[in-house]
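Since the structure comes first, as structure tokens, the remarks are kept for the end.
The values are calculated or read from the model by the stated rules, or taken from the named source; none is laboratory data. Bear in mind the structure is a predicted one, so any value in this text is a computation, not a measurement. A quick note on method: Cβ atoms are made from the backbone with ideal geometry, for glycine too, and the neighbour counts reach across all protein chains shown. SASA here: full protein model, heavy atoms, side chains in, ligands and nucleic acids out. Shrake-Rupley method; radii C 1.70, N 1.55, O 1.52, S 1.80 Å.
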Amino acid sequence: MKPETLRHDHDLQVEFVGLSRIQGPLVVIEGIRDVGFGERVEIVTSTGDTRQGRVLAISRQAAVVEVFHGTSGLDQERTRVRFLGRPFEIIVSKDEILGRIFSGLGMPLDGGPAPFQGEPRNVNGLPINPVARAYPEDFIQTGISTIDGMNTLVRGQKLPIFSGSGLPHNDLAMQIVRQARILSEETSFAIIFAAMGVRHDEAEAFRRNFEESGVLNNVAMFLNLADDPAVERLIAPRVALTAAEYLAFEEDMHVLVILTDMTNYCEALREVATSKGEVPSRKGYPGYLYSDLASIYERAGRIHGRKGSVTQIPILTMPDDDITHPIPDLTGYITEGQIVLDRELFRKGIYPPVNVLPSLSRLMSDGIGEGKTREDHRNISSQLYAAYAKSKQVERLASIVGEEDLSVVDKKYFAFSREFEKRFVHQGRDENRSISETLDLGWDLVMMLPESELVRVTPQEIEKYGKASHTRNQE
Amino acid sequence: MSLLHDEQTPIVSYVSGPVVKAEPGHLLSMNEMVEVGEERLVGEVIGLDGNTATIQVYEDTTGLRPGTKVFGQRMNLFVELGPGLIGQIFDGIQRPLDFLKEKWGDFIRRGKTVAALSREKVWEFVPALEPGVQIGPGMVLGTVKETEAIVHKVLAPPGCHGTLKVIAPKGRYTLEDVIAEVEGPSGRVEKIKMFHRWPVRVSRPYRKRFMPSVPLLTGQRVIDTFFPIAKGGTAAIPGGFGTGKTVTQHQLSKWADADIIIYIGCGERGNEMTGVLTDFPRLLDPRTKRPLIERTVLIANTSDMPVAAREASIYTGITMAEYFRDQGYDVALMADSTSRWAEALREISGRLEEMPAEEGFPAYLASRLAAFYERAGRVETLSGEKGSVSLIGAVSPPGGDFSEPVTMHTKRFVQCFWALDKELASARYFPAINYLESYSAYISAVSSWWEEKTSAEWKKLRDDAVEILQEDAKLQNIVKLLGEDALPDDQRMIIEGAKLIKNDFLQQSAFDPVDTYCQPIKQYYLLKVIMHFVDRMRDVVMARIPLFRAMNLPVVEKIHRAKYSIEGEEVEPFLKILEETDQQIEELLKRSREPENEA
């Protein structure tokens, strides 16, 4: 009988005793046979507790296994290694995961039973065929002006928040979760929250926020906290996205996935790569960081003929606020835009401190306009960008020549910059602006400038929306 | 019996991601295509050392175990070339994605599929030769109307020499049907079908090369007028994320006046390929008025698809491009992004434990890049026609830093460099091509074309405009310190002129139905009216009239709106603007003289 046929019978797993080498999170087992690449492994320590692992490389004599939960406490002689003959899989079903809390590996943390209904699913997922994808173009109103007006989020998009340590990215993410759901009237929605290496209090704040906004029963949380093993962080987002894909594409739900903090994920990846002795590329991160991140971020989108969608909001803290650091840099190359938080705005007391200039939503142009938001949306947003960019130059000039010596037009730009930050960017943590409120506000602001400066909007639009703003303000 | 079989089949001895080793290696040859295991995962031999063959597998290797059989294909990694390429979307190793969807549903699995080109589809073949003629490789045997826009020429396959014995009469055939028989010098008869195979890593032969001299028109003003690319030329678009590389690539593939567009999405976003797939069947080619998809071949190896196939996708694309070139077509190939391809090289090199050079990239990065860009060119084909392959590669430098290895090496091998600028992009100034850092080596080569099609002063007009932009850049340093008001009017004039060029000429909206494509004649006149106005401003300054009076003339507003309001190849409205400029400036000059006279 060929060994392959035996392998599908889970009772006949192959077990080996003894490790020939232990290094960092990796162990080497010799004398193995019939083990496949990427296979899931269970490691039983001499004290009897079980750890999970994965085959990283395999030759005819030996296998290299990555141990989640780390290798400390393992000994070379008595450790038993069981090869499960299948890749890392989880079982998910709608009733068994929503409203629940799991570990990064998908084990229940809330005392409830592990899900057992349904097929086991490979957590690595499969790439969506580009032919099968439906182009994302459904506007999601978040009620936040800087996002709705200038960096519009659409269903099926992956739009990360680039933040810095200490900035209120979690508050912003929570506000999006609270406010965005209101628009999803017709179909059911779900929120998947995956934490990678975050502090306990951060995870708890999210949980409370879900509870207070009454959505807790639509949330599944996958928590890998700061004191959990780093290697487990590599699995956590994949487990979470497997659940998200299932809810979206089989249960027709609109799923919003929050991944925080991707920086911790990348650190864990670097840690594991280094201990494997791989050739590092930039800043010690492995050369495949881009492909690895893509295998997470690309698991967002819509599919033709299926009702649901997966929208991702990954959060990452830029080390030293540096947007050119490999983590934000590679993320920006994969995601469909980014929302950038700015320390200077934060110091000015502006919430959310979104700096619109480096922020971007690539899918915006297809999600806005007549029939979706408003006909003037594209132009007024472009005008706001141009005006704010110009006003920043004027601010720099003013810091050299002084405000007094600015030209008449430049003075108007100077005032525009302040008003824009104070009235458009700044809003309350519970303030939920409709899209027309946001756009009207934008018009109020650009009308501070002389009409000759408004080259990105048409004269008709100025007539229709700009003049209306004057009337509004006089009332 | 089984023992004998084992000796003839290499088996897997090691697996790490896409790198697989097999023994004994002597049964395989370098760059041979292999299929691994029962699932028949496609791979390529990339190293032979002692008795071990190193294989790069183009698909996910999870679950693969030592002891699995490896089946050599006795052939290097190839693509199928024949009718049925156009309008299709393939992955990096030419698996048809449409078919994969039919077979596996919405997600891509792994393993062997069907042939790349449909064997069922029936084509109308029209013979071009009579029996009895001598033929050689690359000769046109007949034609197939592949789409409304493209007549596919059926070429004699490589290595085919001899007398044409039989050729099929006009009629309907599938790719499996023999359409010709050729008797070689040795008397052996070769049966020819409408398609053949070609190894992707070998460039296809041609008779001779020409110097590029005809511009590849893109309808994008900053490119066509300022930094033109020629048919058969090479260009690179480097830029950090969010600077509009992909939008620029899409604009080029939509509007470039090539006969065939090959678009390679190499390690980029899935949704972008979907965007192309949704847009191209709807958008019309401005010249043929046919949907763009009828002249396009798409290759999608998105970032979540296996990395090794990403490495191959570039070669798959360029081989198809050369094939259409050999039919006498002008082909433009867009590769978005070559950095992802270089990273795939790096990743595989790392797994092979090769000695890294700069930033972990293998030492052969530069020579691979050079070899890729060298496959561009304008040639006389084996059948005596003229065809070209123009290569436009996007580069994604980490952190937007152009001093990294991929950008640096690319710069050495391309003739056009369209540098995208983060600051321009964040002010939503698109296309964000930095006019100071960019360059093109084709300007003098294409200027005679422009002078013939537009006006003899084209080159001068362009050079004057560039000069104003350069002077403006110098003045901007002062403006940053002191403000515009601090400058005298003759210098402010430069700044105002540069503003007109930047806002009303260079800036072009990809989303505006009129502005998205700009005809050469419109480009010329648009620049002409701006430069004419700038010239007339000199008179205003000379007459010591405050500059703002000139800027407040009603004609300025017309210049601002010209790119949106004047459509197609209309010339009349531009002439009118020129006339109005003169009138209004004259009037201004006259008015300024009058009060003096009265006084």
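Within segment B:71-97, being modelled with pLDDT under 90 and at positive phi holds for one residue alone: B:ARG74.
Which one is surrounded by the most Cβ atoms within 10 Å (Cβ to Cβ), of the residues in segment A:24-53 that are modelled with pLDDT of 85 or more and touching a helix residue (DSSP H, G or I) at 6+ places or on another chain (Cβ under 9 Å)? Filtering first and then ranking leaves A:GLY53. Out of all the residues in segment B:427-484, which are open to solvent by 30 Å² or more (accessible area, probe 1.4 Å), without any contact (Cβ under 8 Å) to a residue 60 or more places away in the chain and within 14 Å of chain A (Cβ to nearest Cβ)? B:ARG428, B:GLN476, B:ASN477, B:ILE478, B:LYS480, B:LEU481, B:LEU482, B:GLU484 - these are the residues of segment B:427-484 that are open to solvent by 30 Å² or more (accessible area, probe 1.4 Å), without any contact (Cβ under 8 Å) to a residue 60 or more places away in the chain and within 14 Å of chain A (Cβ to nearest Cβ).
Would you confirm whether or not segment A:422-431 contains a residue that is closer than 29 Å to B:LEU481 by Cβ and within 14 Å of chain B (Cβ to nearest Cβ)?
no
Among the residues of segment A:324-349, those that are open to solvent by less than 10 Å² (accessible area, probe 1.4 Å), farther than 17 Å from A:LEU172 by Cβ and either part of a loop (DSSP other than H, G, I, E, B) or more than 10 Å from every other protein chain (Cβ to nearest Cβ) (or both) comprise A:ILE327, A:GLU336.
Give me the residue from segment A:436-475 that is in contact (Cβ under 8 Å) with a residue 40 or more places away in the chain, over 18 Å from A:ARG374 (Cα atoms) and not β-branched (Val, Ile, Thr) and, out of that set, surrounded by the fewest Cβ atoms within 10 Å (Cβ to Cβ). Ranking the qualifying residues of segment A:436-475, first place goes to A:PRO450. When A:ILE140 is tested against (1) of a type in the set (A, V, I, L, M); (2) surrounded by fewer than 21 Cβ atoms within 10 Å (Cβ to Cβ); (3) away from every other protein chain (no Cβ under 14 Å), exactly one condition is not met: (2).
Kindly check whether there is at least one residue in segment B:3-11 that is surrounded by fewer than 19 Cβ atoms within 10 Å (Cβ to Cβ), within 37 Å of the chain's Cα centre (by Cα) and either polar (S, T, N, Q) or under 23 Å from A:ILE32 (Cβ atoms) (or both). No, segment B:3-11 has no match at all. In summary, B:LYS502 fulfils each of the numbered conditions (1) touching a residue at least 12 places away in the same chain (Cβ under 8 Å); (2) more than 21 Å from A:SER452 (Cα to Cα); (3) in a helix (DSSP H, G or I); (4) of a type in the set (D, E, K, R) with the single exception of condition (2).
Filter segment B:253-281 for residues that are within 13 Å of chain A (Cβ to nearest Cβ) and polar (S, T, N, Q); which is farthest from B:ILE237 (Cα to Cα)?
So the residue we want is B:THR278.
Being more than 29 Å from the chain's Cα centre (by Cα) and within 14 Å of chain A (Cβ to nearest Cβ) is the filter here, so list the residues in segment B:103-148 that pass it. Listed by number, the residues that qualify are B:LYS103, B:TRP104, B:GLY105, B:GLY111. Among the residues of segment A:368-420, the ones that are among the basic types (Lys, Arg), within 12 Å of chain B (Cβ to nearest Cβ) and either on the phi > 0 side of the Ramachandran plot or open to solvent by 50 Å² or more (accessible area, probe 1.4 Å) (or both) come to 4 in all. Each residue in segment A:265-285 was checked for being open to solvent by less than 40 Å² (accessible area, probe 1.4 Å), within 8 Å of chain B (Cβ to nearest Cβ) and not small (Gly, Ala, Ser), and 0 of them qualify. Here segment A:104-124 is the region considered, the condition is being crowded, with 19+ Cβ neighbours inside 10 Å and among the small types (Gly, Ala, Ser), and the residue that is nearest to A:GLU89 (Cα to Cα) is A:GLY106.
Scanning segment A:56-78 turns up one or more residues that are among the β-branched types (Val, Ile, Thr) and part of a loop (DSSP other than H, G, I, E, B).
Could you check how many residues of segment B:114-136 are assigned to a loop (DSSP other than H, G, I, E, B) and either open to solvent by 30 Å² or more (accessible area, probe 1.4 Å) or touching a Ser or Thr at 6+ places or on another chain (Cβ under 7 Å) (or both)? Of the residues in segment B:114-136, 13 are assigned to a loop (DSSP other than H, G, I, E, B) and either open to solvent by 30 Å² or more (accessible area, probe 1.4 Å) or touching a Ser or Thr at 6+ places or on another chain (Cβ under 7 Å) (or both). Being touching a Phe, Trp or Tyr at 6+ places or on another chain (Cβ under 8 Å) and under 30 Å from B:ASP421 (Cα atoms) is a condition met by no residue of segment B:573-583. In the set (1) open to solvent by less than 40 Å² (accessible area, probe 1.4 Å); (2) modelled with pLDDT under 95, B:PRO185 fails one condition alone, (1). When B:SER388, B:SER396 are checked against the criterion of being open to solvent by less than 40 Å² (accessible area, probe 1.4 Å), within 14 Å of chain A (Cβ to nearest Cβ), under 16 Å from the mean Cα position of the chain (by Cα) and at pLDDT 90 or above, B:SER396 stands alone in meeting it. Screening segment B:282-338 for residues that are among the aliphatic types (A, V, I, L, M), assigned to a helix (DSSP H, G or I) and over 25 Å from B:THR61 (Cα atoms) and picking the one that is nearest to the other protein chains (Cβ to nearest Cβ) gives B:ILE293. Give me the residue from segment A:286-304 that is at the interface with another protein chain (Cβ under 7 Å from one of its Cβ atoms) and touching a residue at least 60 places away in the same chain (Cβ under 8 Å) and, out of that set, most open to solvent (accessible area, probe 1.4 Å). Per the stated criteria, the residue is A:SER295. Only one of these conditions is not met by B:GLU80: (1) without any contact (Cβ under 8 Å) to a residue 60 or more places away in the chain; (2) within 30 Å of the chain's Cα centre (by Cα). Which number is it? Checking B:GLU80 against (1) without any contact (Cβ under 8 Å) to a residue 60 or more places away in the chain; (2) within 30 Å of the chain's Cα centre (by Cα), the one that fails is (1). Scanning segment A:350-366 for residues that are open to solvent by 10 Å² or more (accessible area, probe 1.4 Å), away from every other protein chain (no Cβ under 13 Å) and under 19 Å from A:LYS392 (Cβ atoms) yields a single hit, A:ILE350.
When each of B:ALA149, B:ALA156, B:ALA116, B:ALA128 is tested for being farther than 30 Å from B:VAL36 by Cβ and either among the aromatic types (Phe, Trp, Tyr) or touching a Pro at 6+ places or on another chain (Cβ under 7 Å) (or both), the lone residue that passes is B:ALA156. Does segment B:220-240 contain any residue that is closer than 13 Å to B:TRP418 by Cα, within 18 Å of the chain's Cα centre (by Cα), within 14 Å of chain A (Cβ to nearest Cβ) and open to solvent by 10 Å² or more (accessible area, probe 1.4 Å)? No, that holds for no residue.
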